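The values are calculated or read from the model by the stated rules, or taken from the named source; none is laboratory data. The structure displayed is predicted, hence computed values, not measured ones. In this analysis, Cβ positions are derived from the backbone assuming ideal geometry, glycine residues included, and neighbour counts consider all displayed protein chains. Side chains included, ligands, DNA and RNA excluded: accessible areas come from the protein's heavy atoms. Shrake-Rupley method; radii C 1.70, N 1.55, O 1.52, S 1.80 Å.
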Amino acid sequence: MPESHIRPALRTDEEALGELDRETWSPLHAVQPRPRPPYDSFFDSNHRPEDFLVAEEADGTVTGYIRLVPPTPLACNQHVRQIQGLAVADRARGQGTGRALVRAAFDQARRQGAVRITLRVLGHNRPARALYESEGFAVEGVLPGEFCLDGQYVDDVMMGRSLTE
C-alpha cells in the first residue's frame with residue numbers, strides 16, 4: 001500500500017488535478033454536470049493553487065486533493081475555514097489518503113489562524129459523511145431536498161467542528 005505525501009498544490013499540478021477531478025466525478029458528490037471537452041482550467045481566480053493541498057505517491061503521482069478556503073470574504077468570518085472539495089483517485093481509496101488530506105487541512109487551517117472548520121456534503125454521500133464524522137465533524141444543519149440530481153431530491157448537509165479541542 002503506497003503512502004501518500006501531502007503538500008501544497010503548485011501551478012504545475014493543474015493538468016494532473018484536472019484529470020483527477022474528471023476521473024473522480026460522481027453523482028454521489030457532484031452537483032455540477034459531468035465535465036465535457038473542452039475542459040475548463042482547473043485553476044482560476046476562485047480556485048487558486050494556494051487553496052489546495054495535494055496527496056502524491058513517492059513517484060510524484062497525484063492521488064488526491066482537498067480545497068480549503070475562507071467561507072466568505074467577511075472579516076468577521078475569517079476565523080473559519082471551509083473544505084470545498086475533496087477528491088481521491090480510485091486506486092488510492094481505502095488507503096487513508098482522504099483521512100490524511102482532512103487532517104492536513106486541519107493543520108493548514110490552524111496555521112492560517114482558524115479556530116473552526118466547516119463543510120457541506122450531499123446527504124446520500126455516506127462514505128464522505130462517515131469519514132468526516134470519524135474526524136470529529138458533527139451535522140450542524142440540513143437543507144432538505146436542496147438539490148435535484150438525476151431526478152432525485154438530495155439533502156445538503158452542513159457539518160463543522162472546532163479546531164481548538
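Selection over the range 83-96 of residues that are open to solvent by less than 20 Å² (accessible area, probe 1.4 Å) and over 26 Å from D155 (Cβ atoms) gives a count of 2. Beta carbons closer than 8 Å, at least 6 apart along the sequence or on distinct chains, pair a first residue in the range 73-90 that is farther than 18 Å from R22 by Cβ with a second that is surrounded by fewer than 16 Cβ atoms within 10 Å (Cβ to Cβ) for Q78/G113; H79/G113; H79/V115; V80/V115; R81/Q112.
Contact map, the range 104-130: residues that are more than 23 Å from E56 (Cα to Cα) and at pLDDT 95 or above paired with residues that are among the acidic types (D, E) and open to solvent by 70 Å² or more (accessible area, probe 1.4 Å), Cβ distance under 9 Å, separation 6+ or inter-chain. Pairs shown: T118/E140; L122/E146; G123/E146.
Can we say I6 is under 25 Å from H124 (Cβ atoms) and aliphatic (A, V, I, L, M)? Quick ask: steps written out before the conclusion?
Working: under 25 Å from H124 (Cβ atoms): no; aliphatic (A, V, I, L, M): yes.
Taking the combined requirement at face value, the residue does not satisfy it.
Suppose we keep only residues that are part of a helix (DSSP H, G or I) and touching a Lys or Arg at 6+ places or on another chain (Cβ under 9 Å) within the range 128-141. Which one would you say is nearest to L68 (Cα to Cα)? By that ranking, first place goes to Y132.
Based on this model, can you work out whether A105 counts as open to solvent by 50 Å² or more (accessible area, probe 1.4 Å) and either part of a loop (DSSP other than H, G, I, E, B) or among the small types (G, A, S) (or both)? It would help to see each step written out before you state the result.
Values: open to solvent by 50 Å² or more (accessible area, probe 1.4 Å): no; either part of a loop (DSSP other than H, G, I, E, B) or among the small types (G, A, S) (or both): yes.
Here the answer is no, as A105 does not meet what is asked.
Working only within the range 69-84, note down all residues that are more than 14 Å from A100 (Cα to Cα) and in a strand (DSSP E or B).
If we filter the range 69-84 for residues that are more than 14 Å from A100 (Cα to Cα), which is where we start, we get 69-82, 84.
V69, V80, R81, Q82, Q84 - these are the residues of the range 69-84 that are more than 14 Å from A100 (Cα to Cα) and in a strand (DSSP E or B).
Just the residues that are within 14 Å of L68 (Cα to Cα) and among the acidic types (D, E), please, taken from the range 85-108. Passing the criteria: only D107. Which residue pairs have Cβ atoms under 8 Å apart, sit 6 or more places apart or on different chains, and have a first residue in the range 133-160 that is under 24 Å from N77 (Cβ atoms) and open to solvent by less than 50 Å² (accessible area, probe 1.4 Å) and a second that is in a loop (DSSP other than H, G, I, E, B) and of a type outside the set (D, E, K, R)? Listed by first residue and then by second, the contacts come to D156/G123; V157/G123; M159/F137; G160/F137. Of the set (1) among the basic types (K, R); (2) closer than 19 Å to R22 by Cα; (3) open to solvent by 30 Å² or more (accessible area, probe 1.4 Å), all apply to R67 but (3).
Here is the figure for the range 113-132: residues that are exposed (fewer than 15 other Cβ atoms within 10 Å of the Cβ) and more than 27 Å from Q95 (Cβ to Cβ) total 2.
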